[in-house]
1. On the given criteria, is SER110 open to solvent by 30 Å² or more (accessible area, probe 1.4 Å) and either within 27 Å of TRP221 (Cβ to Cβ) or of a type in the set (S, T, N, Q) (or both)?
2. With the requirement that a residue be of a type in the set (Asp, Glu) and either assigned to a strand (DSSP E or B) or on the phi > 0 side of the Ramachandran plot (or both), what does the range 100-141 give you?
3. Could you check the range 60-73 and list, in sequence order, the residues that are surrounded by fewer than 21 Cβ atoms within 10 Å (Cβ to Cβ) and either modelled with pLDDT under 95 or among the polar types (S, T, N, Q) (or both)?
4. Could you tell me whether any residue of the range 44-64 is in contact (Cβ under 8 Å) with a residue 60 or more places away in the chain and closer than 29 Å to GLU117 by Cβ?
5. Could you pull out every one of the strands (runs of 3 or more DSSP E) wholly within the range 165-247 that has 1 or more residues that are within 28 Å of GLY116 (Cα to Cα)?
6. Scan the range 60-88 for residues that are more than 16 Å from the chain's Cα centre (by Cα) and more than 17 Å from TYR30 (Cβ to Cβ) and jot them down.
7. For the range 251-260, does any single residue satisfy the condition of being at pLDDT below 95, of a type in the set (D, E, K, R), open to solvent by less than 40 Å² (accessible area, probe 1.4 Å) and within 26 Å of ALA115 (Cα to Cα)?
8. What's the total number of residues in the range 32-62 that are assigned to a strand (DSSP E or B), basic (Lys, Arg) and over 15 Å from LYS78 (Cα atoms)?
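The values are calculated or read from the model by the stated rules, or taken from the named source; none is laboratory data. Every value quoted in this text rests on a predicted model; they were computed, and no experiment measured them. Here the Cβ is made from the backbone with ideal geometry for all residues, glycine too, and neighbour counts use every protein chain on show. Note: areas computed on protein heavy atoms with side chains; ligands, DNA, RNA excluded. Shrake-Rupley method; radii C 1.70, N 1.55, O 1.52, S 1.80 Å.
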Amino acid sequence: FFFFLMIRRPPRSTPLYSSAASDVYKRQIYNSVFFTFITAHPKSIKIWNAETGKLESIFRNFKKEDITSVAIDKRERKLFVGDSKGRVYAINIKNGAMMKKFANHSNVTSCLVYAGESVELVSCGWDKIVMVHDDSPSESQHDSRSKLSLHTEQVNCIVLDEEAKLLASCADDKLILIYNMSTYRQEVTLKGHEAEVKACTFLADSLCLVSSDMNGNLFFWKLTPPPVKHKLITKIVNLSLIHICRCRRYAVCRSRWSPYH
């Protein structure tokens with residue numbers, strides 16, 4: 001198997017903590033229907049031909065604020081966009097036309113995930129809130145289906161395991177929260193990180209969750225079955241933080257799991 005990490009090394013000239021919208025990491029998505037890559041940039045969305053590598057389209061001028069997060073629907077024909085003002089909306093993936101608006105966050109929209117089976121879009125933001133939006137065709141603009149405001153600091157990442165109907169969120173309050181997507185209720189709070197939790201991901205077919213923090217440490221959590229349910233099973237410590245760079249932190253800002261080997 002492969003486990004991919006993105007390590008962020010902050011420039012010497014930037015402060016340790018930043019509230020700028022540009023500090024939110026953008027996303028890249030592969031569209032298997034149109035054989036293209038979608039890349040999100042602060043002021044535009046770019047569509048690249050996966051075979052030739054050539055730029056096919058650029059969508060601009062959605063809003064004045066920076067794009068901070070994107071996600072794609074199950075049919076891969078609609079792109080969901082979040083921005084630095086907290087807005088969440090959907091555009092047509094072929095022409096960039098606005099299709100739908102969702103309930104807004106009051107601060108940066110930091111992450112979006114799509115639940116294809118239940119036709120729901122889940123968003124989180126720096127306003128400490130996780131929202132579940134209804135993406136059914138009958139609704140063009142509406143309030144969120146459920147609002148989960150259980151974190152005490154900005155939420156950085158959300159991940160979904162559709163088969164297990166579990167949603168995980170991680171935040172600067174050093175906590176990971178696990179929700180049941182059938183009831184929209186919190187199941188458990190995972191504690192153990194000593195720094196802001198910046199990313200998390202489910203490991204396919206294992207019901208394990210990996211979380212990473214501002215110090216570059218990785219925590220592996222078992223979500224089922226008993227007696228190890230909701231327990232920390234191992235962690236990988238960033239030794240460079242201890243031995244080399246005591247005064248500066250190297251965050252794991254994104255992680256991705258691949259079952260192929």
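1. So SER110 fails the test.
2. Passing the criteria: GLU120, ASP134.
3. The answer is ARG60, ASN61, PHE62, LYS63, LYS64, GLU65, ASP66.
4. No, there is no match, as no residue in the range 44-64 is in contact (Cβ under 8 Å) with a residue 60 or more places away in the chain and closer than 29 Å to GLU117 by Cβ.
5. 166-171, 176-180, 185-190, 197-203, 208-213, 218-222
6. ARG60, ASN61, PHE62, LYS63, LYS64, GLU65, ASP66, LYS85
7. For the range 251-260, residues at pLDDT below 95, of a type in the set (D, E, K, R), open to solvent by less than 40 Å² (accessible area, probe 1.4 Å) and within 26 Å of ALA115 (Cα to Cα): absent.
8. 1
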